[in-house]
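Visitor: Before I ask anything, here is the structure I am working with.
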Protein chains: 2
Amino acid sequence: MLPRAIQKIVEEFSRLPGIGPKSAERLALHLLRSEQRDLDSFSTAVENVKKGTVLCEICFNITEKSPCPICSDKNRTKNIICVVEEPLDVFAIEKTGEFKGVYHVLHGALSPIDNIGPDDIKIQELLIRIQKSEIKELILATNPNPKGEATAIYITQKISFLPATSARGGSASGGSYKLPALSHLAHGLPLGGEIEYADFETLSRALRGRVTY
Amino acid sequence: MLPRAIQKIVEEFSRLPGIGPKSAERLALHLLRSEQRDLDSFSTAVENVKKGTVLCEICFNITEKSPCPICSDKNRTKNIICVVEEPLDVFAIEKTGEFKGVYHVLHGALSPIDNIGPDDIKIQELLIRIQKSEIKELILATNPNPKGEATAIYITQKISFLPATSARGGSASGGSYKLPALSHLAHGLPLGGEIEYADFETLSRALRGRVTY
């Protein structure tokens, strides 16, 4: 029914996450109304999205050249690593301006149902990184959902089994490095929200983690 | 902060209707994880979306060649025209299989706030079409919202001022053609919905337009 060129672009859009067939049709129609110049610019951007980027050899964030600007910045504290699931998490945290350490991007979270195991994300790379240089603190900033929390727990366990089996942050008995202290982001009420609408689990955590003035 | 190639594709996605900066970032990240082969295919589809299509010279629907398959179909009733705002409306109505007439695509609706007047959509073309051949019925299937209804009212008035100023569907006193009968789609409760959640205006119309068994 739809002309082939439109059908093709609708298919392409439908493959993107969060875009259903209706939205895909609407987007295709929008493109149809655009100038050819704009279509060419969009087309080139799609074609080149991967060509201009690599993964940082240290933190595995996406970057124009490796090591990434954060890993090569002399002013960043290299022994505090914030472990995140996705590159976008890095950009979100960077926008706050609160964090002066470095990152480790896992590129996903453990999810047996999606067939994603420890070897499919950059966990081994994290363990090697911890063993190679002395890390003071590891902030496990995975998402506060079942997959993210399972990933954090898995990493915690893996670290406790590393050769230097001393207490966290203590000196290694046999190994030549210290195990890092582990932390996670605070859980609680999101700002701008209302207690009335907070879900049960968030409110429980906000209560348990209440801060005294 | 984001690599340039990513920034560029985020910008391109953000320009699409209904895609905010957050979604654009997520889509960009998704493309980054795709195979180059898939990116090339997407890129080509974007580039060619307009190249493979023209507007039908009769109904202004998008088509691979003009006149479109509907206008050149001998089995369609040519003197019943369904006037719609967008090509996607044609595809939605065609899917029902209920309509055997032809279409007229306005490519928009009147919207003074967006600076869209009668000359910016295919209203003049519709009036010419009505005068050129005898149309029995004109179904004004613009959207049931303020812009769509204003457009329908405008078209109704324009038609009543056409040279053949006889009663609708009656014979022209001086002109050589009959004015078409005008109709609009039924308004009422959408199927699958619940009365409890119907908005005030829809429920009012459903009551006023109630059908006796």
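The values are calculated or read from the model by the stated rules, or taken from the named source; none is laboratory data. None of the values given here were measured: they were computed from a predicted structure. So basically every Cβ, Gly included, is an ideal-geometry build from the backbone, and we count neighbours across all protein chains shown. Side chains are part of the model used for accessible areas, which takes the heavy atoms of the whole protein and leaves out ligands, DNA and RNA. Shrake-Rupley method; radii C 1.70, N 1.55, O 1.52, S 1.80 Å.
Visitor: Return the loop-located GluC sites (Glu not before Pro) in the range B:3-70 (DSSP other than H, G, I, E, B) with at most 13 other Cβ atoms within 10 Å of their own Cβ; answer none if there are none. Present the calculation step by step, with values, prior to reporting the outcome.
Guide: Values: sites: B:Glu11, B:Glu12, B:Glu25, B:Glu35, B:Glu47, B:Glu57, B:Glu64; in loops: B:Glu35, B:Glu57, B:Glu64.
Hits after loop and neighbour filter: B:Glu35, B:Glu57.
Visitor: So in the protein assembly as shown, what percent of DSSP beta bridges are antiparallel if you round to the nearest 5?
Guide: Of the beta bridges lying entirely in the protein assembly as shown, close to 20 percent run antiparallel.
Visitor: Still on this structure, please answer the following. To the nearest Å, what is the center-to-center distance of the range A:24-41 and the range A:69-102, using C-alpha atoms only?
Guide: The range A:24-41 and the range A:69-102 have Cα centres separated by 36 Å.
Visitor: Got the A:Glu57 label distances to the other copies yet, label 7 Å along Cα→Cβ, in nm, shortest first?
Guide: Label-point separations across copies, in nm and ascending: 6.4.
Visitor: Tell me, for the rotation carrying B onto A, which chain B residue has the beta-carbon closest to the axis and what that distance is in whole Å.
Guide: B:Ser43, 2
Visitor: Please get the size of the charge dipole for chain A, origin at its Cα centre, with Cβ charges of +1 on Lys and Arg and -1 on Asp and Glu, quoted in debye to the nearest 20.
Guide: Working: 26 positive and 26 negative charges, 111 e Å.
I would put it at about 540 debye.
Visitor: Using the reciprocal of the averaged 1/r over all distinct C-alpha pairs, how large is the Kirkwood radius of the protein assembly as shown in Å?
Guide: After inverting the pairwise mean of 1/r, the radius is 26.6 Å.
Visitor: Calculate for chain B the 222 nm mean residue ellipticity that helices alone would give, adding -39,500 (n - 2.57) per DSSP H run of length 4 or more and normalising by residue count, nearest 500 deg cm²/dmol. List each step's numbers first, then the result.
Guide: Details: 7 runs with 80 residues, N = 213.
That comes out to -11500 deg cm²/dmol.
Visitor: Please report, for B:Arg15, the nm distances (one decimal) from its label point, 7 Å out from Cα along the beta-carbon direction, to the equivalent points in the remaining copies, shortest first.
Guide: Nearest to farthest, the other copies are at 2.2 nm.
Visitor: Over the protein assembly as shown, with every protein chain in place, what whole percent of the accessible area is carbon and sulfur at 1.4 Å, could you tell me?
Guide: 55 percent
Visitor: With each pseudo-label sitting 7 Å past Cα toward Cβ, what's the B:Asn145-A:Glu98 distance in nm, one decimal?
Guide: Rounded to a tenth, the inter-label distance reads 3.8 nm.
Visitor: Another question, if that's okay. Accessible area lost on pairing B with A, both sides, 1.4 Å probe, Å² to nearest 100?
Guide: Working: alone 14650 and 14660 Å², together 24480 Å².
Its buried surface, counting both partners, is about 4800 Å².
Visitor: Could you work out the relative contact order of chain A, using alpha carbon pairs under 8 angstrom and six or more residues apart, expressed as a whole percent?
Guide: Reported as a whole number, the value is 12 percent.
Visitor: Calculate the all-directions average of the projected area of chain A's alpha-carbon convex hull, and give it in nm².
Guide: So the Cα hull casts an average projection of 17.6 nm².
Visitor: Shortest first and in nm to one decimal, what separations exist between A:Asn75 and its copies in the other chains, measuring from label points 7 Å along the Cα-to-beta-carbon line?
Guide: 7.3
Visitor: Which distance in nm do the two modelled labels at A:Lys78 and B:Ser133 give, with both placed 7 Å along the Cα-to-Cβ direction?
Guide: Modelled inter-label distance: 7.7 nm.
Visitor: Let me know the mean shielding of B:86-95 by other chains, meaning the per-residue number of their Cβ atoms within 10 Å of its Cβ.
Guide: Across the residues of B:86-95, the mean count of other-chain Cβ atoms within 10 Å is 3.
Visitor: A further question on this structure: Would you tell me the mean number of C-beta atoms belonging to other protein chains that fall within 10 Å of each C-beta in B:33-45, as a whole number?
Guide: Shielding by partners across B:33-45 averages 6.
Visitor: Using a 7 Å offset from the Cα along the Cα-to-Cβ direction at both A:Asn48 and B:Ile153, what is the distance between the two label points in nm, to one decimal?
Guide: If labels sit at A:Asn48 and B:Ile153, their model points lie 5.0 nm apart.
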